[in-house]
Amino acid sequence: DIQMTQSPSSLSASVGDRVTITCRASQSINNYLNWYQQKPGKAPNLLVYAASLLHSGVPPRFSGSGSGTDFTLTIAGLRPEDFATYYCHQSHSTPGTFGPGTKVDIK
Amino acid sequence: QVHLVESGGGVVQPGRSLRLSCAASGFTFSGYAMNWVRQAPGKGLEWVAVISYDGSNRYYADSVKGRFTISREDSKDTLYLQMNSLSPEDTAVYFCVRNQRKWELEDAFEIWGQGTMVTVSS
């Protein structure tokens with residue numbers, strides 16, 4: 001199975017900050033990498049698919065990049081509604097594994 | 001409006017069984033692979049199982065293989081998860097999830113239900 005790691009596991013940031021979250025796969029997954037946002041008590045929402053494509057309705061302050069084994073999610077100009085936990089997920093092969101998550105909270 | 005609504009969760013004793021259902025609406029259910037993803041309290045997301053759009057392929061996480069069975073009933077636009085030999089480690093919110101693209105087995109998870117809580121405890 002492909003293992004996914006994320007860093008950092010948590011971070012504190014202020015409104016307006018630029019935030020970068022890193023995800024690494026244990027083997028090459030080409031660009032089969034997706035990012036989700038989850039708020040407490042809610043289901044996750046798809047933000048980015050195929051490493052860099054924004055899902056419909058996702059604000060352009062979110063962006064994804066990377067290929068192979070190393071990927072990043074960047075939030076340019078953090079807004080209050082962005083405080084949440086973010087998960088990466090590989091859809092290269094079954095089982096589709098998730099990273100452990102990165103919690104973004106208010107500094 | 002695309003919707004997935006899970007039901008069937010509850011409290012069950014270790015070793016017992018439970019069947020979850022997921023009612024789909026707003027899209028052509030028979031054209032999409034469907035998944036179950038779970039989240040233990042305070043923990044991250046864990047993919048559980050997937051069934052292909054036509055039901056011909058099913059895959060499971062090692063943690064549930066041999067105990068859980070995913071199935072679908074396209075005439076009712078409904079996905080199921082039969083869970084047998086439950087253990088406390090299966091305690092989690094179970095989400096029904098639709099893939100992003102039609103026909104694809106491995107894909108981004110676009111549509112999520114609200115989840116149903118399963119608690120395994122004596």
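Throughout, read-outs are computed from the coordinates displayed, never taken from laboratory work. Keep in mind the model is a prediction, meaning the values are calculated, not measured. Virtual Cβ from ideal backbone geometry, glycine too; neighbours counted across all protein chains shown.
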Can you compute the radius of gyration and Dmax for chain B, using only the Cα atoms, both in Å?
13.4, 41
With a sphere of radius 12 Å drawn around the Cβ of A:SER26, what net charge do the other residues whose Cβ falls strictly inside it have (Lys, Arg +1; Asp, Glu -1)?
-1
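Got the relative contact order for segment A:1-104 handy, in percent, Cα pairs under 8 Å and 6 or more residues apart?
It rounds to 38 percent for segment A:1-104.
Based on the alpha-carbon gyration tensor of the protein assembly as shown, what equivalent-ellipsoid semi-axes (square roots of 5 times the eigenvalues) come out, in whole Å, largest first?
Taking √(5λ) for each Cα gyration eigenvalue gives 29, 19, 17 Å.
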Report the one residue of B:GLY10, B:GLY26, B:VAL48 whose Cα lies farthest in the direction of the positive end of the charge dipole of segment B:1-59 (charges on C-beta: Lys and Arg +1, Asp and Glu -1; origin at the Cα centre).
B:GLY10
Determine by what factor the alpha-carbon radius of gyration of segment A:59-100 differs from 2.2 N^0.38 Å, reporting the quotient.
1.35
Over all directions, the average projected area of the alpha-carbon convex hull for segment B:1-52 comes to how many nm²?
4.9 nm²
Of A:LEU47, A:LEU33, A:SER67, whose Cα points farthest to the positive end of the dipole of segment A:25-107 (charges on the beta-carbon: +1 Lys, Arg; -1 Asp, Glu; origin at the Cα centre)?
A:LEU47
Can you tell which of B:GLY66, B:GLY26, B:GLY15 shows the greatest fluctuation in a Gaussian network model of chain B with Cα springs below 10 Å?
B:GLY26
GNM of chain B, Cα pairs under 10 angstrom: of B:THR28, B:THR78, B:THR69, the biggest fluctuation goes to B:THR28
Taking the simple approach of a point 7 Å from Cα along Cα-to-Cβ for both A:SER7 and B:GLN1, what is their distance in nm?
4.3 nm
Which of B:ASN99, B:ASN84, B:ASN35 moves the most in a Gaussian network model of chain B with Cα springs under 10 Å?
B:ASN84
Hey, what's the Kirkwood Rh for chain A if you take every pair of different alpha carbons, in angstrom?
13.6 Å
Let me know the shape class of segment B:22-74, please: from the alpha-carbon gyration tensor, a ≥ b ≥ c as square roots of the eigenvalues, rounded when a/c is under 1.5, otherwise prolate if a/b is greater than b/c, or oblate.
oblate
